[in-house]
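Notes follow once the structure below has been shown.
What follows is calculated from the coordinates using simple rules that are stated; it is not laboratory data. Please read these numbers as outputs of a predicted model, since none were measured by experiment. Backbone-built Cβ (ideal geometry, glycine too); neighbour counts: all protein chains shown.
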Amino acid sequence: MTKQIISLSDNAAKRIKEIMSSAEKESLGVRVGVKSGGCAGMSYIMEYTKEAKPNDELIEDKGVKLFIDSAAIMYLLGTQMDYKKDDFSSSFVFKNPNETERCGCGESFKI
């Protein structure tokens, strides 16, 4: 069995469902990718997607559709996406086994 590119914790799936319920109706799901930037070199990006791109990888987990940017697959392989909420903030957290370094603010990483 091949390793799933990304998996969702129950909290992350629940939060994405909440977000999608208030999203524009034509949104298909959430696109996850990476971009250059941040103090450690790369950062995660998430956005609504209205159409699947030809090279996207579709992950359906816990009733949520994630479209993985083909350029991000090698960086995200085996990652678990979680959602954390505390008194002052809430955010999606990526537990990525490929990271070799993460910046102190948690916004960027290095492979």
Fill in the blank from the handout: Relative to the compact-globule estimate 2.2 N^0.38 Å (N residues), the Cα gyration radius of the range 6-110 stands at a ratio of 1.05
Exercise for the section: Can you put Ser21, Ser9, Ser90 in order of Cβ neighbours within 10 angstrom, beginning with the fewest? Expected result: Ser21, Ser90, Ser9
Practice task
Taking amide H positions as placed in the peptide plane 1.01 Å from N, state which residues far from Glu99 in sequence (5 or more) or on other chains have amide H under 5 Å from it.
Solution key: none
Practice task
Would you mind getting me the FRET efficiency between Asp86 and Glu24? Use the beta-carbon distance for r and R0 = 25 Å, nearest 0.05.
Solution key: 0.30
